[in-house]
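The values are calculated or read from the model by the stated rules, or taken from the named source; none is laboratory data. From a predicted model like this one, the values you see are computed outputs, not experimental measurements. Positions of Cβ are generated from backbone atoms using ideal geometry, with glycine treated the same way; all protein chains shown enter the neighbour counts. The area values use the complete protein model at the heavy-atom level, side chains included, leaving out ligands, DNA and RNA. Shrake-Rupley method; radii C 1.70, N 1.55, O 1.52, S 1.80 Å.
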Amino acid sequence: MISKLFSARAMTLLCQAGAVAVTLGTASPAQAQVTALKQAVAEAASRDRQLAAFYRERDFAPIFTAEGEEGLARRRALLAAMEMAPAHALPAGQYNANRLMALLKSGAANPREMGFLDVELTRLYLDFAVDVQTGILTPSKVNSEIVRKVPLRDKSQYLHGITSADPVGFVRALPPANAEYVRLVKTRMEMQRALDMGGYGPAVPAKALEPGDRGRAVVALRDRLHTMGYMGRSASAEYDGALQKAVQAFQIDHGLADDGVAGGATMREINTPLEQRLKSITVAMERERWLNRTRGDRHVLVNLTDFSARIVDFDRVTFQTRAVIGSKQSGRRTPEFSDVMEHMIINPTWNVPRSITVKEYLPLLRQNPHAVSHLRVVDSRGRTVPRGAVNFAGYNARNFPFDLKQPPSNTNALGLVKFMFPNSNNIYLHDTPAKSLFQREVRAFSHGCIRLADPFDFAYALLAVQEDDPKGLFQSILNTGRETKVDLDTPIQVHLIYRTAFTDAQGRTNFRADIYGRDAQIWEALDAAGVSLHAIRG
């Protein structure tokens, strides 16, 4: 679509737009026209401080309705924006060439109306620029647990860009340029074409199938996996080795145990409609726009839905481990945000969060002052208080004056190392003595922090860029048993993301369950904003 920017239809529209502007520019005595137009521009832009300031800088000269080559180039850029919009899953009714032409032709009977029109076109352009670069929605308004700070740009950047020597090039460069976003756009267009052709076809009429099975349901499974691109076409009614390999590939792409057996969980994913997958892709694109910023040549990426943590160096994953995230329970779900990791603590003390202290442990201590004996009761001056000296029954969640701490040990709730990126959410990455949880497919069990399956190896990888013997250093500190802070010479960004759809370097698309239900909320908001699943045809 974008590559056909200068199609015959597009050029016709642009010429019509130019004709409108030129005609208005010569409809009455020059000075009167200029004065009326500028007054209208100033009036229309006055309710937006940044917009008014920009127009004032250019003596209220029009942007899109200007005469000559400059005006034509800007209108060409605006038309390019409208033609780009469908590929980027922007609201279909707001951004399209027909609406643009309607705006250009409406209310253009005199210079004053032309001034109002110019500001309206500028507002349309600014809406597009913001939507395509940093997202349509405000994350925290959709879900308060998405505490991501969207990297919004100053409007003046967009305005200087559209009035630059290459406005079309500027508009084309507005969407996120990272490889993930580009692959998502491509996948979405391919899925739209597949949806228009009937989607994935009939669902497989079976709750589960396994190697050796035969019959109509096996044929249906083959057909569906073929349509999805996991195997070639075949009419065999037997669940043979080729089908088993296709099921395994599907399972890997969907975060399932890759045993090649189409059990209940696998069959539910196979029978998920294409429309639902398309929603996931569309939401992922919006989420990528929210994170359209420099992520760091080296950074840590935690995908909550994938239960994984990665170290990424120059767009290449150099370390990966399984993770446990916050449980689905309210107050325990892991939030989404980005921050900077500054240090790790080896042999950490667990300073029990206030919410856990008063909600979970205080009721136990009220019943038995010697409960949770692995925790120390500490006063405001950091002194350990004997259990017998405290009347726990006399306190409640509001007035309990003590903290609870667990000293460093192999049984410490944080394990033997934690990785700190100080944040108001009190979330960090850490070890855990509960190793068995990493064997589960769905790993949502924590109070909100991220537990790592291989924390020592994670630490070695972080320290490798600053230490000749990272393992030796780490182990020597660990063996002391003392709590020790180890700074990172170069702090690195940490991004806690939530992607039910994402791609890999080979271009394969992965899908995960919407464990917290956040993507469903985002899609509902996008749908309300006018985003469509179907391809928009001109």
Candidates V377, V358, filtered to the one that is open to solvent by less than 50 Å² (accessible area, probe 1.4 Å), more than 23 Å from W290 (Cα to Cα) and either in contact with a helix residue (DSSP H, G or I) (Cβ under 8 Å, 6 or more places away or on another chain) or in a strand (DSSP E or B) (or both): V377
task: Within segment 98-105, identify whether any single residue is of a type outside the set (A, V, I, L, M) and without any contact (Cβ under 8 Å) to a residue 60 or more places away in the chain, and answer yes or no.
output: yes
3 or more residues under 29 Å from the mean Cα position of the chain (by Cα), surrounded by 15 or more Cβ atoms within 10 Å (Cβ to Cβ) and small (G, A, S): qualifying helices (runs of 4 or more DSSP H) within segment 115-231: none
query: Could you give every pair whose Cβ atoms fall below 8 Å, whose first residue belongs to segment 225-242 and is in contact (Cβ under 8 Å) with a residue 24 or more places away in the chain and at negative phi, and whose second residue is open to solvent by 50 Å² or more (accessible area, probe 1.4 Å) and outside any loop (DSSP other than H, G, I, E, B), counting only separations of at least 6 or pairs across chains?
result: E238/R214; Y239/R214
- request: For segment 91-110, indicate whether the set of residues that are crowded, with 19+ Cβ neighbours inside 10 Å and among the hydroxyl-bearing types (S, T, Y) is non-empty.
  value: yes
query: When residues of segment 268-324 are filtered for being aliphatic (A, V, I, L, M) and in contact with a Phe, Trp or Tyr (Cβ under 6 Å, 6 or more places away or on another chain), how many remain?
result: 6
- request: Report the residue count in segment 97-143 for those that are more than 18 Å from Q39 (Cβ to Cβ) and hydrophobic (A, V, I, L, M, F, W, C).
  value: 15
query: Of the numbered conditions (1) touching a residue at least 24 places away in the same chain (Cβ under 8 Å); (2) assigned to a helix (DSSP H, G or I); (3) open to solvent by 30 Å² or more (accessible area, probe 1.4 Å), N426 satisfies every one except a single condition; which is it?
result: (2)
query: Within segment 429-455, can you find the residues that are open to solvent by 20 Å² or more (accessible area, probe 1.4 Å) and among the aliphatic types (A, V, I, L, M)?
result: A434, L437, V442
message: Suppose we filter segment 382-414 for residues that are in contact with a strand residue (DSSP E or B) (Cβ under 6 Å, 6 or more places away or on another chain) and under 26 Å from N479 (Cα atoms); how many remain?
response: 6
message: For segment 360-370, check the following and say yes or no: at least one residue is within 26 Å of G331 (Cα to Cα), in contact (Cβ under 8 Å) with a residue 40 or more places away in the chain and not aliphatic (A, V, I, L, M).
response: yes
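Let's see how each residue does on (1) under 18 Å from V358 (Cβ atoms); (2) not in a loop (DSSP other than H, G, I, E, B):
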{"residue": "A371", "(1), (2)": "yes, no"}
{"residue": "G388", "(1), (2)": "no, yes"}
{"residue": "F400", "(1), (2)": "yes, no"}
{"residue": "K405", "(1), (2)": "yes, yes"}
{"residue": "S409", "(1), (2)": "no, no"}
{"residue": "L414", "(1), (2)": "no, no"}
